[in-house]
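Participant: Before anything else, here's the structure in question.
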Amino acid sequence: MGSPSSDPLGPARPTPGYAAHDRDYVLPPPEPDVRRHPIVRHLVLFAATVVTTTWIGAYHYYGFLADYSQNLVLPVSWLQYLNGLWYSAAVLGILGAHEMGHYLACRYYRVDASLPYFLPLPPPFPSGTLGAFIRIRQPISNKRELFDIGIAGPIAGFLVAVPLLAIGVSLSRMVQIPADFQGDYLGEPLLLKGLMWLTFGFRPPGFDINLHPIAFAGWFGMLATTLNLFPIGQLDGGHISYAVLGRRSTVVTYGTLLCLIGLSFISRSWILWTVLAAGTLYAFGPRHPRTYDEDLPLDSGRLWLALFAVVMFVLCFTPAPITLDWSPESLR
């Protein structure tokens, strides 16, 4: 009578990459990558984004010096554009940290991914960039990898954005808003509200905080974090939602789209993002691509990180990111 060890197939071994509770996690063997990935296009796009963010950063610094006054005239000089680096370096640091979080997580799991692509955006657009992204060139096989790769970017970007935002707020100043002022008003996420209150305390009526360009870069980083954490489609939040909820994440996707439609009635600044989200769902479908361990729950450590992603979203979210043609009269 044979023993269990005499099985001609040998003893049972864990499937590579299988994320079960009672088995050790085993990385799948890496596939040889015979392709070459030239970095020239990455460098060109990054250099172009440095130019556009420095260019728009000079305007932000000019506005910071003006203190809401529309009568200040400064001569155009190389020094003005040098001061644009305050914004450029900060915003590229936040975006770069976000994408490198994804990239390094891919490298850890031996998932083939590109270096970050930075997207330049010239004035008059106030950001100077459309953000950045990496290309993941192969399917992600299990939920643990998907979750870790998805959440690594927002956490890395958030950890860089928070200290930069705090530094930027400390360099900002409280000023009185001129009665004839008219311009764009930035919504204040909870994190920004808290830092401004700790720095300046109560703001009297008719006064506001004139943000230093570094603080504006932190604000843009919070907006980018919010957009990426929406639990929809192939966004980071969509990956996190699917990794936590499996097939039930489709319900969250539909609910998120309805919320975006509702936000579009609150602020016109959500309309474009809502159209893009709806178009993506129409093109690729509402269901996240499946992994073979779809029905297995994540471990408690990753569930705590998922809760931290919700906290990041709440701290960075504002219902009206940008209000165009704002004036003090609108407060009355």
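The values are calculated or read from the model by the stated rules, or taken from the named source; none is laboratory data. Being a predicted model, the structure only gives us computed values, none of them experimental. Glycine gets a Cβ as well: all are built from the backbone with ideal geometry, and neighbour counts include every protein chain shown.
Participant: Residues S88, S127: which one is touching a residue at least 40 places away in the same chain (Cβ under 8 Å) and either over 29 Å from Y59 (Cα atoms) or assigned to a helix (DSSP H, G or I) (or both)?
Facilitator: Criteria check complete, one pass: S88.
Participant: Then there's this: If you take the residues in the stretch 121-153 that are touching a strand residue (DSSP E or B) at 6+ places or on another chain (Cβ under 6 Å) and farther than 21 Å from C316 by Cα, which one is surrounded by the most Cβ atoms within 10 Å (Cβ to Cβ)?
Facilitator: Out of the qualifying residues, it is I134.
Participant: Something else now. If you check V34, V51, which single one turns out to be among the aliphatic types (A, V, I, L, M) and at pLDDT below 90?
Facilitator: Checking each option against the conditions leaves just V34.
Participant: Out of the stretch 186-227, which residues are surrounded by fewer than 24 Cβ atoms within 10 Å (Cβ to Cβ), part of a helix (DSSP H, G or I) and among the polar types (S, T, N, Q)?
Facilitator: Those that are surrounded by fewer than 24 Cβ atoms within 10 Å (Cβ to Cβ), part of a helix (DSSP H, G or I) and among the polar types (S, T, N, Q): T199, T226.
Participant: Does the stretch 315-332 contain at least one residue that is closer than 23 Å to Q138 by Cβ and assigned to a loop (DSSP other than H, G, I, E, B)?
Facilitator: no
Participant: Would you point out the residue of the stretch 306-322, among those that are aliphatic (A, V, I, L, M) and over 14 Å from F230 (Cβ atoms), that is modelled with the lowest pLDDT?
Facilitator: The residue in question is I322.
Participant: Scanning the stretch 154-181 for residues that are touching a strand residue (DSSP E or B) at 6+ places or on another chain (Cβ under 6 Å) and over 18 Å from V91 (Cβ atoms), which turns out surrounded by the most Cβ atoms within 10 Å (Cβ to Cβ)?
Facilitator: Among them, the one singled out is I177.
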